[in-house]
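**Student:** Below are the structure tokens for one structure; questions will follow.
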């Protein structure tokens, strides 16, 4: 028959491991919630931009042209 004190220590070790894993899981859930929130914000911005582009097609061309000019400027990264 196993020693009751050893069984108690094993139960305590398992409880500590369960608590550690629970904390890790909760931290990941928070991280995923934050990522989902950022994704929803980006989706809202994208939808707004597409709505503007649909109403004002020239605005998209103007924005794209401005971005191309920024990339060509000397001293800029990637340009």
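**Student:** Between residue 72 and residue 43, how many nm apart are label points set 7 Å from Cα along the C-beta direction?
**Tutor:** If labels sit at residue 72 and residue 43, their model points lie 3.8 nm apart.
**Student:** Along its principal axes, what span do the Cα atoms of the stretch 1-61 show, with the longest given first and each in whole Å?
**Tutor:** If we take the Cα atoms of the stretch 1-61, the spans are 82, 13, 13 Å.
**Student:** Report the full-extension gain for the segment residue 55 to residue 20: residue separation times 0.36 nm, less the Cα-Cα distance, to one decimal in nm.
**Tutor:** Numbers: separation 35, 0.36 × 35 = 12.60 nm, distance 5.30 nm.
Length difference between fully extended and current span is 7.3 nm.
Values in this text are rule-based calculations from the coordinates and carry no lab data. Please read these numbers as outputs of a predicted model, since none were measured by experiment. Methodologically, a virtual Cβ is constructed for each residue, glycine included, from the backbone with ideal geometry; neighbour enumeration extends over all protein chains shown.
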